[in-house]
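In what follows, a structure is listed as structure tokens, so that the remarks can point back to it.
The values are calculated or read from the model by the stated rules, or taken from the named source; none is laboratory data. Quick caveat, the model's predicted, so the values are computed rather than measured. Neighbour counts run over all protein chains shown; Cβ positions are idealised from the backbone, glycine included. Only protein heavy atoms, including side chains, enter the accessible area calculation; ligands, DNA and RNA are left aside. Shrake-Rupley method; radii C 1.70, N 1.55, O 1.52, S 1.80 Å.
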Amino acid sequence: MSASETSKQGHERYDVVVVGAGFAGMYMLHRLRDLGFSVRVYEQGGGVGGTWYWNRYPGARCDVESMQYSYSFSDDLQQEWDWSERYAPQPEILKYANHVADRFGLRVDIQFNTRVDRAAFDEAENIWRVTTSDGKTIITRFVVLATGCLSNARMPDINGLESFEGPVYHTGNWPHEPVDFTGLRVGLIGTGSSGIQSTPVIAEQAKHLTVFQRTANFSIPARNAKLTPEERQAFREKYPEVRHFARWEARNGIYTELPDRGALDDGANERRSKYEGRWQRGGLTFMSVYNDLAMSRPANDTAAEFVRGKIAEIVADPKAAALLQPRSHPIGTKRICIDTDYFATFNRDNVTLVDIKSSPIEEILPHGLRTATATYELDALVLATGFDAMTGSVAKIDIGGRNGVSLNQKWSEGPKTYLGLMTAGFPNLFIITGPGSPSVLSNMIVSIEQHVDWIADCLGHLRSNGLEVMEADTSAEEKWVAHVNEVAHGTLYPQANSWYMGANVPGKPRIFMPYIGGVGVYRQICTDVAAKGYEGFVLTAAEQERAAAVF
Ligand code: NA7
């Protein structure tokens with residue numbers, strides 16, 4: 001425990017409590033400690049890494065290239081760490097997270113296997129009382145929620161799930177021990193990114209794999225490959241340019257060419273050859289072929305049709321190919337998936353695709369699954385059914401703000417924040433990559449670093465100016481929420497029933513949660529807000545008798 005104090009009641013006392021030791025929590029700790037704040041991080045897992053600690057399913061990889069999905073705050077770190085592949089597999093990302101924790105001596109200030117259950121703001125004292133799963137109450141001036149956007153795995157509401165007698169695995173909460181599907185009939189439910197990544201790997205091992213698909217998804221080949229020392233070196237040399245571009249120019253925090261024209265500005269042959277080029281190159285930047293794919297349905301249709309054509313070329317059985325061709329949403333309005341041999345896997349003899357849109361799952365049986373039209377015998381079940389994204393992990397904590405209002409009450413109609421960083425009525429509570437910020441629409445590490453730096457600078461400002469309380473102004477928040485909404489509705493994104501919209505969780509309000517204005521635009525807004533003395537936030541000085549003890 002570094003530089004903490006103990007209150008008169010015997011409670012540990014810190015300047016800042018950080019919830020979560022994923023990439024956000026680790027960097028937050030590092031920055032705040034360097035500024036001389038006392039910080040304690042609580043992490044429910046047994047180690048660092050957040051989403052990469054939990055998502056250990058077969059084939060799990062990041063969809064952003066490894067040289068870019070990495071911290072930029074330390075040049076020594078980015079020059080010395082050797083990524084082995086174009087897209088890092090989960091074990092390597094976890095190894096990297098552990099390396100960072102060791103290299104910067106972070107573990108000493110992280111308490112593992114400890115959930116934060118409750119945080120209540122004390123208006124008389126301007127402090128937060130944080131209650132943890134080990135029964136302690138901790139006093140802190142500030143709380144930073146680094147709880148992650150895709151960390152609250154969602155079990156599907158399917159009748160009879162608990163009656164299944166074989167093993168049931170959720171991709172977002174995969175066992176730490178090896179799982180062996182050899183000789184087993186495996187059923188996999190869910191065809192989002194996790195289902196699409198794990199299907200080819202499970203198919204290699206299982207006796208038979210049955211994939212239950214409700215909604216087909218767009219997926220682009222990863223074209224993953226080993227990185228050579230020369231490729232790594234070339235990338236390292238251009239890091240200053242790459243990082244600058246990712247922060248300020250790329251909409252999604254990823255270094256790539258920016259398109260200068262729309263899809264319909266090119267003739268059909270030219271367009272096809274550009275899509276083909278990106279398909280061959282692989283990866284998320286497929287959507288950057290043209291500058292209007294997210295805005296114009298006719299433009300988007302050209303890209304969607306190209307991908308549907310590719311699926312038809314790859315999948316031998318025309319019936320399966322038709323089912324795998326996404327038609328329910330414009331391409332890119334659900335996060336595009338990046339795969340290795342996903343569609344080709346349906347050409348294997350031991351893989352069956354079942355359409356549960358036309359014939360829904362009725363119940364899980366002790367040894368299988370019954371849809372409206374057939375019964376499938378299964379030995380093991382894999383649930384790739386996603387997350388209560390962006391707000392799920394925050395909602396699990398009972399957070400009480402001013403006037404006894406809980407955050408869950410305030411957000412019952414959908415999350416409201418100012419800049420995705422704070423929410424009115426909850427002073428001194430910060431959220432990293434929260435709803436209302438670019439977050440999940442971007443290379444997460446770019447967005448995490450931006451938020452962490454902003455929050456660290458902000459706390460430094462409060463300290464040097466004797467300020468005790470900071471909170472979002474309600475009218476600034478209302479304006480921001482309206483802006484986030486307006487920008488989203490200028491795009492095709494709200495046309496998809498995506499987890500961006502909260503549409504995957506029954507009963508969750510349908511609101512487009514992330515800010516789609518682009519990371520560069522957003523960064524400029526946040527920078528300007530800070531430069532104008534934190535415009536839109538209310539900053540209050542410490543009462544005189546407390547001034548000396550503010551931090
Ligand atoms: P996603 O993208 O939310 O995918 C979940 C999948 O599970 C999706 O195909 C869902 O179908 C399906 N699903 C969810 N509930 C059910 C039930 N009850 N019955 C049948 N099918 C169901 O989660 P992922 O983990 O794959 O990926 C999340 C993000 O992680 C991803 O975007 C990357 O950024 C990394 P639906 O589409 O709702 O019909």
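General remarks:
- Sorting 274, 532 by accessible area puts them as 532, 274; the probe is 1.4 Å, largest comes first, and only protein heavy atoms count.
- Förster radius 56 Å - calculated FRET efficiency between residue 182 and residue 485, Cβ distance, rounded to 0.05: 0.65
- Accessible area per residue was computed with a 1.4 Å probe on protein heavy atoms; residue 261 scores about 80 Å².
- Backbone N under 17 Å from the residue 525 label point (7 Å along Cα→Cβ), restricted to the stretch 441-455: 441-443, 447-448, 450-452, 454-455
- Note on the stretch 288-330 and the stretch 153-228: Cα centroid distance 23 Å, given to the nearest whole angstrom.
- Relative packing of 438-445, 80-87, which averages over residues the other C-beta atoms within 10 Å, highest first: 438-445, 80-87
- Between residue 136 and residue 270, the contour length at 0.36 nm per residue exceeds the Cα-Cα span by 41.8 nm.
- Listed pairs 136/410; 95/334; 95/136; 508/532; 136/396 exceeding 24 Å between Cα atoms: 136/410; 95/334; 95/136; 508/532
- Spatial separation of Cα centroids for the stretch 465-513 and the stretch 84-118, in angstrom: 29 Å
- Accessible-area composition of the stretch 161-383, carbon plus sulfur, in percent [1.4 Å probe]: 50 percent
- The stretch 102-143: C-alpha gyration tensor shape, a/c 1.5 cut-off, then a/b vs b/c: oblate
- Nearest 10 degrees, 0 to 90: helix 239-248 Cα axis against the chain principal axis: 80 degrees
- Helix 193-205 axis, angle to the chain major axis (alpha carbon atoms, nearest 10°): 50 degrees
- Normalised contact order of the stretch 161-383, rounded percent, pairs of Cα under 8 Å and 6 or more residues apart: 36 percent
- Packing-based ranking, highest mean first, of 215-225, 21-31, 409-419, 42-52 given that Cβ atoms within 10 Å are counted: 21-31, 42-52, 215-225, 409-419
- Length released on extending from residue 124 to residue 539, taking residue separation times 0.36 nm less the Cα-Cα span: 147.8 nm
- Residues in the stretch 337-357 that a label on residue 204 would reach, taking backbone N under 19 Å of a point 7 Å out along Cα→Cβ: 338-352
- 222 nm mean residue ellipticity, helices alone, for the chain (DSSP H n ≥ 4; -39,500 (n - 2.57); rounded to 500): -9500 deg cm²/dmol
- A simple spin-label model places pseudo-atoms 7 Å from Cα toward Cβ; at residue 248 and residue 408 they are separated by 4.4 nm.
- Take the Cβ atoms of residue 113 and residue 370, set R0 to 45 Å, and the FRET efficiency comes out at 0.70.
- In the chain, the longest principal axis of the Cα atoms and the axis of helix 444-464 are about 10 degrees apart.
- Cα-based shape type of the stretch 161-383, given that a ≥ b ≥ c are square roots of the gyration tensor eigenvalues and the cut on a/c is 1.5: prolate
- Cα gyration tensor shape for the chain, rounded if a/c is under 1.5, else prolate or oblate: prolate
- Spacing of the two label points (7 Å from each Cα toward its C-beta) at residue 305 and residue 225, in nm: 3.1 nm
- Relative intensity of the stretch 234-313 on a log10 scale, I(q)/I(0) at q = 0.18, 0.24, 0.27 Å⁻¹, equals -0.78, -1.15, -1.33, per a Debye sum over C-alpha point scatterers of equal strength in the absence of solvent.
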